1. Run the numbers on the range A:325-449 and let me know its relative contact order in percent, using alpha-carbon pairs under 8 Å that are six or more apart.
2. Could you please rank A:Arg69, B:Arg364, placing first whichever residue has the fewest other Cβ atoms within 10 Å of its Cβ?
3. Can you give me the distance in nm between label points at A:His298 and A:Gln367, each placed 7 Å from the Cα along the Cα-to-Cβ direction?
4. Return the percentage of antiparallel bridges among DSSP beta bridges fully within the protein assembly as shown, rounded to the nearest 5 %.
5. Which whole-angstrom value gives the distance between the alpha carbon centres of the range B:374-393 and the range A:178-220?
6. Need one value for A:328-341: mean number of C-beta atoms belonging to other chains within 10 Å of its residues' C-beta atoms.
7. Over chain A, calculate the relative contact order: mean separation of alpha carbon pairs under 8 Å at least 6 apart, over the residue count, as a percent.
8. Expressed in whole Å with the largest first, what are the equivalent ellipsoid semi-axes of chain B derived from the C-alpha gyration tensor as the square root of 5 times each eigenvalue?
Amino acid sequence: MSFIKEYRVSLPHFRISDKVLSPRGRKGQYAICYTDEDIITLAFQACEKIKSDIDAILFATTSPVFKDRYHSSYLADLLGLKEGILALDLGATSRAGTDAIVLADRLLKSGSNENILIVAAEVYYPAIGNETRTAFGHGAVAMVLSNNEGIAEITKAKTYSSAMSEEFIYKGEKTQYDSRFARTKGFKNNLAMVLKSEELNCKSINKIYLNSPYAKIGFGQLKKAGFELESQLGTDEVGKILGHTGSAHGLMTLINSIEKNKGTSLLLDYHNGTNLIEVESKGSDQSSFSSKASEITHYQDYLTLRKKGKFTARGYKSVETFSSEMISERDKEMLFRLTGNKCQSCGTIYFMKASRCNACKSDQFLQVQLSKSGTVYSVTSEYYFPNSFAPTNMVVIDLVEGGRVTVQQTDDMYPSESNVIRIGDKVQLVFRKMMENDKKPNYFWKCIKQ
Amino acid sequence: MHKTMSKKRDIAIIGLGVTKFGELFNQSYDDLVRESALQATKDAGIGLDEVQAGWLSTAFPEIGVFKGRSGMDMVEPLNLYGIPVTRVSNFCASGADAVRNAANALAAGECDVAMALGVEKLRDRSPQDSIVKMMVELSHPYYQKGFTAAGTFAIYAKRIMHEFGVTREDIANISVKNHYHGSLNDKAHHRMTCSTEQVLGSPMVADPLTVMDSCPTTDGAACVIMVRAEDVDKTKHKPVYIDGIGLSVSTGWDLPFFDPKHDFLSFQATKDAAAMAYKQAGIIKPIDEIDLVEVHDCFSIVELLTYEDLGLCKQGEAKDLIRGEATQLGGEIPVNVSGGLLSCGHPVGATGVRMVVEIATQLRGDSGGRQVKGAKKGISHNIGGPGAIASVIVLNKEH
């Protein structure tokens with residue numbers, strides 16, 4: 001038996017609506033990252049509050065930032081998970097998220113693992129001008145599957161793979177099937193196979209979700225299989241708020257269902273085959289999809305975001321960034337895990353390593369975990385710092401349980417009364433990427449107003 | 001202070017040289033070395049070959065024209081081969097540190113005639129190649145969070161305004177005062193007066209500091225010839241004596257921003273360097289004993305803070321000095337009569353030496369329209385890095 005023990009969803013702060021993206025846009029909206037976010041920062045943010053003692057990590061994405069490096073091990077390292085644990089990346093299709101559930105379920109049943117962290121993160125950008133015709137939406141999910149009791153039990157986790165896919169990429173070149181052929185031979189046949197093989201007890205299922213762009217052409221089959229569509233078919237509520245979040249979408253659909261419905265939910269997550277996930281929810285008091293968001297109100301602003309970290313500012317023609325893996329590895333405890341050094345004699349806490357305490361000259365330090373919230377000691381707005389939008393705000397923060405850090409405020413092209421930081425304000429540290437310019441960025445902390 | 005070096009070095013400055021400061025597009029690094037060195041040796045009444053050792057201060061060869069990486073770059077343009085010359089690099093205190101090293105060598109007897117020369121050629125490249133860009137491109141991830149030089153000091157300004165009731169106008173008036181002084185100095189980069197409104201209304205660099213709160217990017221060089229006091233020949237020299245030199249590295253690059261006890265209200269480095277220099281010079285109450293001061297006003301807020309750190313007033317009272325016009329020419333203690341860095345500009349390696357030349361010229365009574373009447377003792381002060389390194393030099397007309 002496997003259970004969903006805990007989960008977190010992390011969503012970017014911005015939404016963009018169809019209407020901004022196209023004059024003929026409909027009423028949809030998409031969650032969209034800011035220039036200082038990517039799948040790593042979203043995934044990190046989702047995992048930050050996970051409490052379980054993790055012994056395996058599965059990372060699902062179809063928009064990788066690394067070509068030949070495991071996102072799972074990189075994230076495990078950032079999070080400070082146990083060294084050498086099972087870490088795998090999944091990512092051929094947008095059902096990679098539920099692939100991870102299928103795999104985790106089997107690992108748990110085999111007894112080889114106890115707490116498996118599934119992470120799905122997606123930051124996919126459609127071609128410029130093609131946004132309203134492409135499914136996209138940014139976000140990440142962290143979910144711990146465990147043998148122990150949990151928020152919901154996974155009662156089924158199966159895969160019915162199929163060779164048919166509407167369009168796919170072969171050696172970098174797009175290959176197309178006839179779409180009608182792919183839908184009938186692919187989606188319809190695959191769904192028929194699932195429904196035939198499973199012998200589902202339709203009455204016992206509270207909600208069924210069909211996660212596919214062609215969902216509509218499958219409704220007839222669901223009806224034939226015995227479902228009452230009006231009461232049992234779940235609508236894509238996540239999609240209405242976030243767009244289609246790729247490999248994270250299936251997991252988000254499950255989470256939304258667990259939060260909204262007690263009882264059994266069935267997800268058919270289709271893409272080049274179907275993952276069938278059935279969960280039995282006891283209900284959850286979390287509400288993962290109601291976070292406040294800011295609207296990107298102009299297409300021009302969206303285009304600026306799409307530069308994805310090409311940082312320019314007054315006086316800077318270009319800035320090449322420097323990211324040393326040697327430094328990042330050596331200083332990861334400090335950089336990523338916010339480990340500070342507490343003077344054993346006078347108790348002053350330093351973010352940086354020092355051979356002696358600056359206050360009392362003692363040379364005995366104890367490593368301590370710094371807090372991620374604090375109060376602003378001083379702040380300035382830099383108008384000539386290379387960044388996407390001037391100004392870049394620099395904030396000196398006294399952390400709640402001691403220690404001081406100086407970090408940037410998160411990038412924001414819409415300065416307003418609600419996000420202007422002043423001396424004395426309460427702020428929160430958040431994990432972000434520093435400037436990138438198409439090279440591997442440095443990840444570090446920034447702050448947001450609480 | 002147990003760390004204070006209390007021994008006074010009995011040194012005299014006998015030759016002064018300083019080029020025009022500004023956008024010197026017609027002069028090379030080598031031209032600036034030559035001009036300042038020849039002025040200084042001529043002023044001292046000696047030939048170049050009488051110089052027995054040299055200290056060259058250039059802080060940023062890599063953002064300039066890659067000149068000044070070693071003492072060689074002073075020797076070559078002067079054809080002064082065969083003597084020891086060392087490059088000194090200590091951020092904005094580099095120039096003052098060249099003077100300090102020359103004084104030490106004279107005191108130790110390594111040489112009898114020493115040259116301290118500061119030069120920086122910044123305008124052969126466009127200003128976009130800034131220190132911030134280097135920080136972002138070449139350093140540790142947490143440096144990428146950034147800070148321009150202006151931002152570093154803006155953090156102090158914000159906190160001081162919060163704690164001590166210093167107003168935006170008080171800070172701007174430092175710039176107004178120094179620009180007035182600069183209008184009297186024919187060697188200054190900017191020679192114009194300005195109003196408080198103009199300072200406040202100029203483009204923002206790092207809140208609350210505007211472009212006119214910031215010093216310009218400037219070329220320039222300055223040079224002094226120094227000997228031991230006993231070797232002064234009063235028949236041909238117009239000597240000025242060094243009563244005290246203090247230099248202290250009191251914080252690091254990171255420490256202020258990550259040390260919970262750092263209050264962003266003063267520069268410990270200035271306090272430490274001043275304590276050393278004052279002890280050597282026997283100064284107890286600087287406001288009564290000193291006639292004029294050159295302080296490192298790279299940004300206007302730095303001058304305001306330095307009033308307190310040099311002990312010209314108590315903490316929190318600097319604003320009263322500027323409000324009462326005490327630091328203006330004709331006031332109780334004129335500060336930056338040269339126009340300061342705000343008017344003269346800041347060729348980093350040259351600045352400290354230029355300030356020594358400025359004070360020495362004043363003590364000689366040769367400053368013309370900006371002469372501080374009856375000036376007998378003066379201080380020059382530099383601060384470098386994010387307030388990390390400071391130098392204080394006390395000069396005296398009398399021996």
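Throughout, read-outs are computed from the coordinates displayed, never taken from laboratory work. A quick note: this is a predicted structure, and the numbers were derived from the prediction, not measured. Positions of Cβ are backbone-derived with ideal geometry, glycine not excepted, and every protein chain shown enters the neighbour counts.
1. Once divided by the residue count of the range A:325-449, the mean separation gives 20 percent.
2. Least to most surrounded, the residues fall as A:Arg69, B:Arg364.
3. 4.8
4. 75
5. 80
6. Shielding by partners across A:328-341 averages 1.
7. 16
8. Each semi-axis is the square root of five times an eigenvalue, giving 30, 24, 20 Å.
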